[in-house]
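The values are calculated or read from the model by the stated rules, or taken from the named source; none is laboratory data. Keep in mind it's a predicted model, so treat the numbers as computed, not measured. In this analysis, Cβ positions are derived from the backbone assuming ideal geometry, glycine residues included, and neighbour counts consider all displayed protein chains. Quick note on the areas: whole protein, heavy atoms, side chains included, nothing else; ligands and nucleic acids left out. Shrake-Rupley method; radii C 1.70, N 1.55, O 1.52, S 1.80 Å.
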Amino acid sequence: MNLARLKKKSYPYLFLAPFAILTLMFFVIPALATLWMAATNLDRKMKADFIGFGNFQRIFADINILPIIKVTLIYVFFSLVLTVAFSLLLAICTQYLVKNKKLGALYRVIWLIPSTMPGLVYVVFWKYIFNPTPGGFANKIVMYFGLEQPISWFNDAGLLIIIIAGVISGASGGMILFSASINSIPEDVYKAARVDGAKDRSIIRDIILPALKWPIMYVTVTSTIGLFASYNFILLATRGGPVVDTTTLALYGYQQAFNRLEYGYGAAISVIVVIISLLLTLLLFRLFDFNKLIRPPRIED
Amino acid sequence: MNLWKFSKRNMIHFFMILLMLPIVFMIIWLFVSSVYNYNSGRFSWVNWQFLTRSFELEGISFPIIWPIVMNTVVFGLLITVIDLLVAIPAAYAFSRLNFFGKGFALKFLFIMGSFPGITLLITSFFIMMYLGLLNTVFAVVVLSAAGMIPWHVYILKGFFDEVSWDLEFSGMIDGCSRFKCLYQIILPNMLSGISAIAIYAFMGAYGEWLLIKLFIFDNTKLTLAGYLAKVIFTDDDKVTNIGLITAIGLFYTIPIGIFYLFTQSTMMKVTIGGSKGV
């Protein structure tokens, strides 16, 4: 009798066991080890001494840290605003303003290309366009119009290029979500508005945008979390340079560890990135009713 | 006057096409550049030499590509299988069973899904070094699976939520145990969700390059993504290398592009919260 009860009680845990083991090994332990490593001076000498909050004091004294925070804030803020605005524009255009449904869908499919093509290949395109030698596409154009010297675009405007490339490939996610929401507005609402003499502009302002309030919120918060930790494109395009002009905080932690072999210091920076991400995730929980996702089972064992 | 009316009515299309020009240009360029010799300014197949022999770039030698293709397929399938074997039971428990700490576990799952993976790389590297697993495919497989699975559990949970409880009730009335209900009734009813996750896992494995770059030092053990990433990192912004890089990039993109065309209807079934048609 007791054995049967034990079997019933342990049943869910058996299902969870593989996931729990994998998570413990390759998520929880690395996460805890990061905390430990952040409190040591582990570096290329491979000797770890406990130094408490020494690394965090070092972060405050680091002359690179202010420029990096500035780069991170500029990168996250402008990427976020432009991505949300651009995906809204695309969704409203393809779902509402383009009346032909098939054409609208075709436009959306083409906009999906930059986000579905591998980032590795996408970055090659941008590296060719803004190649610093006279053979690069942008340099060919400016030199055709009489400029003597080629411009090293990534040195002069690396962050801007990174933001634009990110917006073009990142807009499609929001676009899909927003156009699904616009699509769920009943046609009658538009008809009623038109009978009352509403123009496109007021339909967009008074009907479509209010209906998109929650999707916009969702995209805003999740994109912020994603942008704070994003590194792929920057690492491939500029490796954070010149100096730290395109280095975000997450990338700085990575570079400290893998390029400069300052493992302890890199881990300490990572801890700060994690804390920011966690705060943002908690905000997401507050904004969206998380508890409604946890449905109780309807069969009691 | 008529022309003015026509252009006013079609302004939105002009605008959309204008916005799309860079993307169309990018696609055309990718194909043209892969057969263009930036040295001589002529078209040639020399960029595609990696199909028939190994080559050197900036003094580093890269192997012929076919064993790399093989590695990629094995790597992708391995991750897909592990992903499904781990994620399906976990998602089932989260969706349809009750256990102590479920609310907390679900929150933890969500946090893991949005956890900045780059921050765990440093200690993962040391753990793998300690276990003697550096430069092995195993290390990359488990790390990349562990990174993807939390989201996949979350999405699959949405699919389990969608399967009607009445189906399971009637199954139990007919004498099924809950486990039998799972594999005879519930799983067949959510095959689209399972295939979506399988596709996601394979695509994720196909795109993984940073873990490969950090954990695999042996060029013959690379996957296509790792191979391309190494080539890109070796290149020092010379235009003359771009033909080769786009050729490898195209070789890498075309299979996944075709794969995407065939599977996108399945993938589109997944939206936020994991439930269909939100």
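Take the accessible area of chain A alone and of chain B alone, subtract that of the pair, and you get about 8200 Å² summed over both chains, using a 1.4 Å probe. What you get for segment A:51-289, charging only the Cβ of Lys and Arg (+1) and of Asp and Glu (-1), is a dipole of about 480 debye around the Cα centre. Taking every Cα-Cα distance in segment B:1-124 and sorting them into 5 Å bins from zero, the calculated P(r) comes out as 2, 7, 7, 8, 10, 9, 9, 10, 11, 9, 8, 6, 3, 1, 0 percent.
All Cα-Cα distances of segment A:162-239, cut into 10 Å bins from zero to the largest, leave 15, 37, 25, 15, 7, 1 percent in each bin in turn.
Within the same chain, lysines fewer than 8 places from B:Lys238 are excluded, and of the rest, those with a Cα less than 27 Å from its Cα are A:Lys127, A:Lys140, B:Lys213, B:Lys221, B:Lys230.
In summary, the helical segments of chain B meeting the span-like criteria, namely a full DSSP H run, a Cα extent along the axis of 20 angstrom or more and a mean Kyte-Doolittle hydropathy of at least 0.0, are B:11-34, B:66-96, B:137-162, B:191-207, B:242-267. Measuring nothing but protein heavy atoms, the accessible surface of the protein assembly as shown at 1.4 Å probe radius is 68 percent carbon and sulfur. Straight-line reach from B:Lys8: taking Cα to Cα under 16 Å and skipping same-chain neighbours fewer than 8 places apart, the lysines in range are A:Lys99, A:Lys199. Each residue, B:Phe138 and B:Lys5, gets one label point 7 Å from its Cα in the Cβ direction; the gap between the two is 7.6 nm. Mark the label point 7 Å from the Cα of A:Asp196 along Cα→Cβ and return the residues of segment A:206-244 whose backbone N is within less than 17 Å of it. The answer is A:206-212, whose backbone nitrogens lie closer than 17 Å to the label point. Counting only Cα atoms, segment A:114-180 measures 49, 19, 19 Å along its principal axes, largest extent leading.
Under a model in which nothing but the beta-carbon of Lys, Arg (+1) and Asp, Glu (-1) is charged, the protein assembly as shown shows a dipole of about 1100 debye around its Cα centre.
Segment A:131-155 and segment A:194-271 have their alpha-carbon centroids 29 Å apart.
Annotation: per residue accessible area for the protein assembly as shown equals 49 Å², rounded to a whole number [probe 1.4 Å, protein chains only].
Exposure check, 1.4 Å probe, all protein chains in place: A:Asp156 carries approximately 120 Å² of accessible surface.
Which semi-axis lengths, in whole Å and largest first, follow from the square roots of five times the eigenvalues of the Cα gyration tensor of the protein assembly as shown?
Gyration-tensor ellipsoid for the protein assembly as shown: 38, 35, 25 Å.
Taking every full run of DSSP H in chain A, the ones that stretch at least 27 Å from end to end by Cα along their long axis and average -0.5 or higher on the Kyte-Doolittle scale are A:2-23, A:65-92, A:153-183, A:263-287. Here's the picture: charge each Lys and Arg Cβ at +1 and each Asp and Glu Cβ at -1 in chain B, and of B:Ile216, B:Val74, B:Phe259 the one pushed furthest to the positive end of that dipole is B:Phe259. Do any of A:Lys102/A:Lys191; A:Lys7/B:Lys102; B:Lys107/B:Lys180 go past 24 Å between their Cα atoms, and which? Among A:Lys102/A:Lys191; A:Lys7/B:Lys102; B:Lys107/B:Lys180, the Cα-Cα distance tops 24 Å for B:Lys107/B:Lys180.
Listed by chain and number, the aspartates and glutamates placed with their C-alpha closer than 14 angstrom to that of A:Lys101 are A:Glu187; residues fewer than eight positions away on the same chain are left out. Taken over segment A:51-289, the alpha-carbon convex hull comes to 162 cubic angstrom per residue.
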